[in-house]
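Written out below as structure tokens is the structure these notes cover.
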Amino acid sequence: MVLTIVVIDYKRMCEEALQLTDGLELAPFKPHNIVFAGMGGSGISGDLVKDIATDVGVPIGVSKDYTLPPYADSETLFVCTSYSGNTEETLTQFVEAYKRGCRIVAITSGGKLLEWSQRLNIPVVKLPTGYLPRDSLPYLFFSVTGCMEKMGIGNYDGTREFMELLPTIDLQPVNNIADSVKGSPILTFYGPSKFSGVLKRVKSQINENAKMIARAEELPELNHNEVVAYEVHGYPELPVIFLQDRDEGREMTERVRFTRKTVGGNTYDIWTHGSSILAKVMSLVYQGDHLSFKLAEIRGINREQIKTIDGIKNELERLNTVATLEKELESMNLSS
Ligand code: F6R
């Protein structure tokens, strides 16, 4: 049952996602910089768009805290993502971005983010309700790219390629990896820094869906520190999964070969599909998501439950951060 969701629903969700921005009016904008704000399963859409938006020509920041980066101002495109619309870190940045006059676009299924955006006449993409935030990634990701395309920021031609190749991706190799690593206390992912967002996504999906400790490190940086940890006795019991690009340059290919030798066995590979950066990134995300679903299934884990995240959110509610923000908006005479 769980696997049906990732195999069949992914394509349907991507197709629906491409329509979500259809009716939205967004004037062209040439920002000096872009800030993606959001936490967890919502915020990761910013990391992934940063991976693929190699042609936007301006710096991109991904902000995952209460504070908006100091450089954000009226020349900034601020893309605010929260599936629930009630995540306090994201809402705090939203209010600050409004005060600084950033050009804001909100992406949410409801909550305060929807309410406040509508009240302030801020363009908002309304996502379908009823999903777990991390499951809604296709909606979040393609809403962000859809908005940016409408504003004339970047090129997302790879979308078509990804949609065509998605049903052809063979998930059996990923099932085999899941079977081999299911008993490990910790999973390590290595990949090139151009897939920085994918590395974060796969790590978080293993954490949240399979309830396993996972870590992710980037090449070439890990060749300047982490590799040394293998010098003394190695960690043959700990699997390492490489995210690999079929069109990798010579240097990176050599680094992967060297790193694999250093790790000394128990390594696996998940490969990109397609030729565009968007197809490569999203094909890795798809396979990484599947790995987390499969591991949850094999390990008999309730993948939907995230008691600890809910627990922390409930504890923090006592501080009334969102209510304070709401009062601040009201005192700025911004209510209706
Ligand atoms: C839950 C999940 C979490 C949430 C995060 C932020 O499925 O993935 O990581 O995404 O707690 O909440 P939202 O996405 O509602 O802003």
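Keeping to the range 127-164, report how many residues are charged (D, E, K, R), within 14 Å of the ligand (Cβ to nearest atom) and out of contact with any Gly (no Cβ under 6 Å at 6 or more places or on another chain).
Step one: of the range 127-164, the residues charged (D, E, K, R) are 134-135, 149-150, 157, 160-161, 164.
Right, trim to within 14 Å of the ligand (Cβ to nearest atom) and you get 134-135.
Restricting the remaining residues to those that are out of contact with any Gly (no Cβ under 6 Å at 6 or more places or on another chain) gives 135.
So the answer is 1.
Could you check GLY61 against (1) more than 16 Å from the ligand (Cβ to nearest atom); (2) part of a loop (DSSP other than H, G, I, E, B) and say which number it fails?
All conditions pass for GLY61, except number (2).
Taking VAL232 as the residue in question, decide whether it is in a helix (DSSP H, G or I) and either in contact (Cβ under 8 Å) with a residue 60 or more places away in the chain or more than 22 Å from ARG160 (Cα to Cα) (or both).
no
Which one of the conditions (1) under 24 Å from SER204 (Cβ atoms); (2) crowded, with 20+ Cβ neighbours inside 10 Å; (3) more than 16 Å from the ligand (Cβ to nearest atom) does THR54 fail to meet, given that it meets all the rest?
(2)
Within the set of pairs 6+ apart or on separate chains, which have a first residue in the range 189-217 that is farther than 12 Å from GLY41 by Cα and part of a strand (DSSP E or B), a second that is within 16 Å of the ligand (Cβ to nearest atom) and of a type in the set (Lys, Arg), and C-beta atoms under 8 Å apart?
Qualifying pairs under 8 Å: PHE189/LYS203; ALA214/LYS203; ARG215/LYS203; ALA216/LYS200; ALA216/LYS203.
Can you tell me how many residues within the range 306-320 are under 17 Å from ILE213 (Cβ atoms) and more than 9 Å from the ligand (Cβ to nearest atom)?
Adding up the residues that qualify gives 2.
Tally the residues that are in a strand (DSSP E or B) and more than 14 Å from the ligand (Cβ to nearest atom), restricting the search to the range 93-123.
Summing the residues that are in a strand (DSSP E or B) and more than 14 Å from the ligand (Cβ to nearest atom) in the range 93-123 gives 3.
Throughout, read-outs are computed from the coordinates displayed, never taken from laboratory work. In this text, all values refer to a predicted model and were calculated from it rather than measured experimentally. A quick note on method: Cβ atoms are made from the backbone with ideal geometry, for glycine too, and the neighbour counts reach across all protein chains shown.
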